[in-house]
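Everything below concerns the one structure shown next.
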Amino acid sequence: MCYSAKVLARWKQYERQFGATLSLDEFVETYERRLEAKSVKTPKAMDAGMAEVPGPKGEAIREAIDQFNLSETSRLKELLFTQRKRLVGAERTLQEKTTKKALEDQRIATDKIAWAKSKLDDVRRTQAKDRDRRIFPGMYAPVMVVEEGKRVIKPMRYQCRPAGKPAFYDRKYPGTYNARRDNLEGFWAGLFGHSHGIMVADTFYENVEGEDGENQVLAFTPRTGEPMLIACLCSHWVDPKGKEPDLLSFAAITDEPEPEVAAAGHDRTIINIKPEHIDVWLNPDPADLGALYAIFDDKQHPFYEHQKAA
């Protein structure tokens, strides 16, 4: 399972490398909805890239990002105040006597203060860091699709809710951020051959069992240094009752592991397609699934070097 990836987040790079343009209406809607919905999460690098978009829609995006950052700053400051007060109370109690509740309050308050300070520093920080490009399930990321014959970039949630399925699929099938190749004509039949996308990333992350039996996270990066063109299934979900907003979402397709990935302890690898197959993949013919499987069989094998994730 590719549970996390470090994505290409700057829209100018998509424009330069792939001739793709932004689907600005969807980006504006996503950032404006983030002001009200806690479930809408975006990587900091994507925010920075979208803040550079010119014109009225770019201004709307910047305004939404600024409002969100102000709201987050206020929320985190309030949390810090509450937890510092809790910590003071716990330490005052512990000076008189040791109680289980006071020890627990001290521990929880200390942890939450550290977490809130870290998050507040991230909100205020303007200098880019490599981790700003990392996405996890439930976060939004730029995905390249074809619309009216042109390559466009849309913001999509990294956990796919197939069109026509109920919203509770998110809870019932929490692993739908990945789509197994051997289940594309099963669970994913409504999307495979119909609605495809590409996520551009330079690193993917996997949970593996370490020599000590404990879980560890490994970061896999192509030795060539070239970006991965990860084959994805995409969905435009519409609430039949009209009560919930439309949802754009996607899943990365995984295959049997590359030898070096298997040797590192993981049993799946994302499908990294070749650049010459982009147009066929993004313009699928549902009557010719064989052509799509042929793209998988001809995928890139760059050798994925790995290291423990920071």
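With the condition being among the acidic types (Asp, Glu) and either more than 15 Å from residue 270 (Cβ to Cβ) or touching a residue at least 12 places away in the same chain (Cβ under 8 Å) (or both), I'd like the strands (runs of 3 or more DSSP E) fully within segment 159-245 carrying at least 2 qualifying residues. Spell out the reasoning first.
On the way: elements: 178-180, 196-209, 215-222, 228-237.
The qualifying strands (runs of 3 or more DSSP E) are 196-209.
Regarding segment 50-68, can at least one residue be identified that is under 30 Å from residue 271 (Cα atoms) and crowded, with 21+ Cβ neighbours inside 10 Å? Yes - at least one qualifying residue is present in segment 50-68. Among residues of segment 109-126 that are more than 22 Å from residue 67 (Cβ to Cβ), those with a beta-carbon under 7 Å from a residue that is of a type in the set (Lys, Arg) and surrounded by 16 or more Cβ atoms within 10 Å (Cβ to Cβ) at least six positions away or on a different chain give the pairs 109/86.
Which count do you get for residues in segment 1-31 that are surrounded by 14 or more Cβ atoms within 10 Å (Cβ to Cβ), charged (D, E, K, R) and more than 18 Å from the chain's Cα centre (by Cα)?
The number of residues fulfilling the criteria is 1.
Filtered by the rule that a residue be buried (at least 18 other Cβ atoms within 10 Å of the Cβ) and free of Cβ contacts under 8 Å to residues at least 40 places away in the same chain, segment 33-48 gives 34, 47.
Does residue 96 satisfy the condition of being surrounded by 15 or more Cβ atoms within 10 Å (Cβ to Cβ) and not basic (Lys, Arg)?
Values: surrounded by 15 or more Cβ atoms within 10 Å (Cβ to Cβ): no; not basic (Lys, Arg): yes.
Considered against the rule, which asks whether it is surrounded by 15 or more Cβ atoms within 10 Å (Cβ to Cβ) and not basic (Lys, Arg), residue 96 comes out as no.
Tell me, please, whether a residue that is farther than 18 Å from residue 158 by Cα, hydroxyl-bearing (Ser, Thr, Tyr) and at pLDDT 95 or above can be found in segment 76-94. Walk me through it before giving the result.
Looking only at segment 76-94, we keep the residues that are farther than 18 Å from residue 158 by Cα, and these are 76-94.
Applying the additional criterion that residues be hydroxyl-bearing (Ser, Thr, Tyr) yields 82, 93.
Among the residues that remain, those that are also at pLDDT 95 or above are: 82, 93.
Yes, segment 76-94 has at least one match.
In the set 128, 141, only one residue is outside any helix (DSSP H, G or I) and either among the hydroxyl-bearing types (Ser, Thr, Tyr) or in contact with a strand residue (DSSP E or B) (Cβ under 9 Å, 6 or more places away or on another chain) (or both); that residue is 141. Which one of 300, 307 is in a strand (DSSP E or B) and either in contact with a strand residue (DSSP E or B) (Cβ under 9 Å, 6 or more places away or on another chain) or among the aliphatic types (A, V, I, L, M) (or both)? Of the residues listed, the single one that is in a strand (DSSP E or B) and either in contact with a strand residue (DSSP E or B) (Cβ under 9 Å, 6 or more places away or on another chain) or among the aliphatic types (A, V, I, L, M) (or both) is 307. For segment 92-114, indicate whether the set of residues that are under 22 Å from the mean Cα position of the chain (by Cα) and of a type in the set (D, E, K, R) is non-empty. No, segment 92-114 has no match at all. The residue that is farthest from residue 301 (Cα to Cα), among those in segment 264-279 that are charged (D, E, K, R) and modelled with pLDDT of 95 or more, is 279.
Working carefully through the options 262, 287, 294, find the one that is among the aliphatic types (A, V, I, L, M), part of a loop (DSSP other than H, G, I, E, B) and surrounded by fewer than 17 Cβ atoms within 10 Å (Cβ to Cβ). Show your work before the answer.
Numbers: 262 fails: part of a loop (DSSP other than H, G, I, E, B); 294 fails: part of a loop (DSSP other than H, G, I, E, B).
Going through 262, 287, 294 in turn, just one is among the aliphatic types (A, V, I, L, M), part of a loop (DSSP other than H, G, I, E, B) and surrounded by fewer than 17 Cβ atoms within 10 Å (Cβ to Cβ): 287.
When the residues of segment 134-172 are filtered to those that are small (Gly, Ala, Ser) and surrounded by fewer than 16 Cβ atoms within 10 Å (Cβ to Cβ), the one that is nearest to the chain's Cα centre (by Cα) is 138. The set of residues in segment 1-32 being of a type in the set (Lys, Arg) and either free of Cβ contacts under 8 Å to residues at least 40 places away in the same chain or outside any helix (DSSP H, G or I) (or both) consists of 6, 10, 16. Any residue in segment 182-189 that is surrounded by 12 or more Cβ atoms within 10 Å (Cβ to Cβ), in contact with an Asp or Glu (Cβ under 8 Å, 6 or more places away or on another chain) and not aromatic (Phe, Trp, Tyr)? For segment 182-189, residues surrounded by 12 or more Cβ atoms within 10 Å (Cβ to Cβ), in contact with an Asp or Glu (Cβ under 8 Å, 6 or more places away or on another chain) and not aromatic (Phe, Trp, Tyr): absent.
Looking across 102, 114, one residue alone is out of contact with any Phe, Trp or Tyr (no Cβ under 8 Å at 6 or more places or on another chain), in a helix (DSSP H, G or I), among the aliphatic types (A, V, I, L, M) and exposed (fewer than 13 other Cβ atoms within 10 Å of the Cβ). It is 114.
The values are calculated or read from the model by the stated rules, or taken from the named source; none is laboratory data. Note that the structure is a prediction, hence the values are computed from the model and not measured. All Cβ positions, glycine included, derive from the backbone under ideal geometry; neighbour counts span all protein chains shown.
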